[in-house]
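First the structure, in the form of structure tokens, and then the observations on it.
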Amino acid sequence: MSDMNSILEPGMFVRHPQQPDWGTGQVQSNIAGRITVNFREVGKVVIDGARVELVVVFDP
């Protein structure tokens, strides 16, 4: 897995590839591979960047 998660910064928008029903989320923080994302449908979720590669959304 490439480490695209390392470019994620607060304010960026992402989708979770295995959870499309979560909708678009906004990155809150990215600390040591633990990415906190606030998703419109499910709220705040902490994601292990080593296990899930989030998809950047350029036009939310």
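Taking just the C-alpha trace of the chain, give me its Rg and Dmax in Å.
Cα radius of gyration and Dmax of the chain are 10.0, 27 Å respectively.
List the chymotrypsin sites (Phe, Trp or Tyr not before Pro) within the chain that DSSP assigns to loop and that have no more than 13 neighbouring Cβ atoms inside 10 Å.
Passing sites in the chain are PHE58.
Give the long-range amide H neighbours of ARG34: residues separated by 5 or more places, or on another chain, with amide H under 5 Å away, using H modelled in the peptide plane at 1.01 Å from N.
Distant-sequence amide H within range of ARG34: GLY49.
Tell me the trypsin sites (Lys or Arg not before Pro) within region 16-51 that lie in a loop according to DSSP and have at most 13 other beta-carbon atoms within 10 Å.
ARG40, ARG51
For the pair GLN19/THR36, report the inter-label distance in nm, with labels modelled 7 Å from Cα in the Cβ direction.
Label-label distance for GLN19 and THR36, simple model: 1.5 nm.
Throughout, read-outs are computed from the coordinates displayed, never taken from laboratory work. For clarity, every value in this text was computed on a predicted model and none was experimentally measured. Cβ atoms come from the backbone with ideal geometry, glycine included; neighbour counts cover every protein chain shown.
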